[in-house]
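Engineer: I have a structure here, written as structure tokens, and I will follow up with some questions on it.
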């Protein structure tokens with residue numbers, strides 16, 4: 001199993017969660033909106049959102065960037081598809097960047113969130129919201 005979170009008697013499989021999120025995204029923007037809604041409070045300034053449209057204040061999300069530790073997770077909508085990148089930095093310098101599929105991006109993102117949730121209450125609550133499906 002790729003990383004599980006123990007919560008009481010329940011155990012949550014990150015592969016299953018990633019698949020569930022992916023299955024719910026009839027439109028990739030729905031997936032991005034769900035992630036932004038559930039993670040914005042916990043991540044604060046480590047979550048950057050670029051909105052589409054002329055005034056950039058609408059609901060439609062064009063790009064998301066999430067920084068967790070030395071990793072940066074970027075996802076951008078391009079012609080209805082999600083283009084995902086995971087980057088690694090050291091000392092503030094990007095040393096590696098990989099383009100990955102949406103499922104792999106979600107697995108890596110959720111794994112990094114799980115690791116951070118072990119020490120950060122706000123991230124734990126946000127990850128539980130993703131698992132349970134309730135917004136904060």
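Engineer: What is the spin-label model distance, in nm, from residue 63 to residue 103 if the labels are put 7 Å beyond Cα along the C-beta direction?
Structural biologist: Those two pseudo-labels are separated by 2.7 nm.
Engineer: With the crude spin-label approximation of a point 7 Å out along Cα→Cβ, what separation in nm comes out for residue 118 versus residue 90?
Structural biologist: Simple spin-label model gives 2.1 nm for this pair.
Engineer: Here is a follow-up. Using Cβ contacts closer than 10 Å as the measure, can you line up 93, 61 from fewest to most?
Structural biologist: On the way: 93 6, 61 21.
The most exposed by this proxy come first: 93, 61.
Engineer: Could you put 119, 85, 102 in order, starting from the residue whose Cβ has the fewest other Cβ atoms within 10 Å? If you can, show how the numbers build up before the last one.
Structural biologist: Numbers: 119 8, 85 15, 102 18.
Going from sparsest to densest Cβ surroundings: 119, 85, 102.
Read-outs: derived from the displayed coordinates by stated rules, not from any lab. Treat the numbers as computed from the prediction; the structure is a model and nothing was measured. Positions of Cβ are generated from backbone atoms using ideal geometry, with glycine treated the same way; all protein chains shown enter the neighbour counts.
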